[in-house]
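As structure tokens, the structure follows; a few thoughts come after it.
The values are calculated or read from the model by the stated rules, or taken from the named source; none is laboratory data. Because the structure is predicted, anything quoted here is derived from the model rather than measured. Here the Cβ positions follow ideal geometry from the backbone for every residue, glycine too, while neighbour counts run over all protein chains shown. When the accessible area is computed, the model is the full protein with side chains, heavy atoms only, and any ligands, DNA or RNA have been set aside. Shrake-Rupley method; radii C 1.70, N 1.55, O 1.52, S 1.80 Å.
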Amino acid sequence: MSSDPRHAPSRPRRAGGQDTGNAGAPRERRAAPQVEPADLERLLEPVVHAAGLDLEAVRVSPAGRRRLLRLVVDADGGVGLDQIAEVSREVSGRLDASGIMGEIPYTLEVSSPGIDRPLTEPRHWRRAVGRLVSVPLTASGDNGSSGSTPVGRPAPMVTGRVLVAGDTGVALDVDGDRAEFDYVELGPGRVQVEFGRVAEDPVDEDVSPAADRAQSGNGGSQDGH
């Protein structure tokens with residue numbers, strides 16, 4: 001029997017993930033190069049410091065066919081929208097000049113920390129002066145006891161308002177009494193949300209991450225190559 005010319009020949013089966021019906025060289029899907037946050041931090045920290053800010057975090061995550069590069073920056077007194085826009089431009093220029101992000105397109109987002117940022121460095125505590133915080137005591141801060149907290153037993157918590165924060169320790173107002181702690185006695189602190197203190201708390205006037213992202217469409221966010 002003669003074959004029906006209206007039917008195209010079936011596509012050859014793929015062997016090893018390659019289409020053997022392609023006369024040319026098989027195309028290999030190239031994976032996006034891995035970008036280490038530590039490498040980005042070393043590259044960008046001098047740029048952020050030159051703008052008078054601290055680089056708090058660097059995160060890279062996939063976003064469809066692009067990548068999202070998030071930088072969190074902070075400073076004493078908070079970060080303004082003009083500073084966000086300025087540091088975004090400078091960071092974008094440094095990234096483009098270095099080629100560290102490769103050929104895969106990326107979006108840059110620069111923002112200030114949210115209220116949920118843990119207090120782990122002296123500068124974090126200094127910027128929380130006047131705020132109500134909760135912080136776990138480490139073993140050395142638990143009434144001078146030594147050794148680790150027993151398994152299954154939560155670390156004792158202290159809640160108080162930050163009075164003074166220095167290079168080695170912090171003073172809290174705990175139920176009207178002043179309590180002083182070295183940072184080695186404390187775990188990561190958390191700022192507590194207080195409703196009704198907005199007008200008297202200047203810290204609440206700082207730029208929020210949501211406001212920073214709103215600015216990103218006007219220079220706070222840059223598309224890379």
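Details
- Full extension of the chain segment joining residue 57 with residue 180 gains 41.4 nm, where the gain is 0.36 nm per residue of separation less the Cα-Cα distance.
- More than 15 angstrom apart: percent of Cα pairs within segment 33-128: 60 percent
- Approximate spin-label separation residue 126-residue 192, in nm, with each point projected 7 Å along Cα-to-Cβ: 2.6 nm
- Probe 1.4 Å, all protein chains present, accessible-area order of 104, 115, largest first: 115, 104
- Exposure of residue 159 as accessible area (Å², to 10), given a probe of 1.4 Å and all protein chains: 70 Å²
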